[in-house]
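One structure below.
The values are calculated or read from the model by the stated rules, or taken from the named source; none is laboratory data. Note that the coordinates shown come from a computational prediction; the quantities given were computed from them, not determined experimentally. Here the Cβ is made from the backbone with ideal geometry for all residues, glycine too, and neighbour counts use every protein chain on show.
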Amino acid sequence: KQEVTQIPAALSVPEGENLVLNCSFTDSAIYNLQWFRQDPGKGLTSLLLIQSSQREQTSGRLNASLDKSSGRSTLYIAASQPGDSATYLCAVRRGDRGSTLGRLYFGRGTQLTVWP
Amino acid sequence: NAGVMQNPRHLVRRRGQEARLRCSPMKGHSHVYWYRQLPEEGLKFMVYLQKENIIDESGMPKERFSAEFPKEGPSILRIQQVVRGDSAAYFCASSSGREFGELFFGEGSRLTVL
């Protein structure tokens with residue numbers, strides 16, 4: 001069974017800092033890994049999608065890396081801003097091609113607060 | 001191109017009543033997924049549907065819960081005889097189903113059972 005863990009559970013930093021959020025998963029047979037952002041009372045916004053054959057993806061100040069063999073991904077946020085405050089969720093999709101291909105396994109998230 | 005639309009955004013029900021949650025996928029998407037987020041817990045997969053077919057319902061409770069995605073109209077998640085433990089945020093996601101298909105989530109429906 002796939003288990004996804006995110007560390008730390010919460011993080012509070014001053015504006016301008018560079019951050020690293022960690023995600024680990026127990027079953028390395030994944031199809032892809034997706035990072036999401038969730039604001040309070042809102043839905044999930046997809047940030048980055050990394051295919052199992054890729055090592056990293058970048059979008060603006062965000063960079064996500066994937067080490068499938070060790071079951072780890074990191075989300076790097078450069079020059080953090082108060083608007084980055086949200087919960088960041090990591091989710092992996094199973095690697096088989098069967099009916100469970102659509103299922104994502106989520107971590108519990110890292111709650112980030114960036115203060116001015 | 002409108003995103004994934006869910007309604008109602010908030011729903012209050014008394015114990016024993018029925019709750020119906022609706023989800024319209026993004027235009028061009030034929031794959032719908034339902035997830036539940038309980039307070040202080042992560043999102044848990046419930047069911048995966050394509051038009052008129054349930055592909056994977058292994059995450060859905062065996063009793064009181066059902067889901068459908070008809071040929072016409074939105075996907076419906078139905079909870080019969082609700083109990084307090086059903087209080088949660090229910091999220092719908094859709095994808096095109098193509099390989100490497102990214103999932104796009106709606107804003108969620110927040111069910112409160114009194």
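Just a yes or no: is a residue in the stretch A:38-60 more than 13 Å from chain B (Cβ to nearest Cβ) and crowded, with 21+ Cβ neighbours inside 10 Å?
Checking the stretch A:38-60: not a single residue is more than 13 Å from chain B (Cβ to nearest Cβ) and crowded, with 21+ Cβ neighbours inside 10 Å.
Might you check whether a residue that is farther than 28 Å from A:G109 by Cα, in contact with a Lys or Arg (Cβ under 6 Å, 6 or more places away or on another chain) and either assigned to a loop (DSSP other than H, G, I, E, B) or of a type in the set (K, R) (or both) occurs anywhere in the stretch B:52-68?
The answer is yes; a qualifying residue exists.
Out of the residues in the stretch B:22-65 that are in contact (Cβ under 8 Å) with a residue 60 or more places away in the chain and among the small types (G, A, S), which is farthest from the other protein chains (Cβ to nearest Cβ)?
B:G28
Filter the stretch B:16-69 down to the residues that are closer than 22 Å to A:W35 by Cβ and of a type in the set (K, R), then identify the one that is surrounded by the fewest Cβ atoms within 10 Å (Cβ to Cβ).
B:K44
Inside the stretch A:1-102, counting only strands (runs of 3 or more DSSP E) that do not spill past its ends, which hold 3 or more residues that are under 15 Å from the mean Cα position of the chain (by Cα)?
Ranges flagged: A:4-7, A:19-25, A:30-38, A:44-51, A:56-59, A:62-67, A:72-77, A:86-94.
Within the stretch B:70-114, work out how many residues are under 17 Å from A:Q34 (Cβ atoms), of a type in the set (A, V, I, L, M) and either at pLDDT 95 or above or assigned to a strand (DSSP E or B) (or both).
Matching residues across the stretch B:70-114 total 1.
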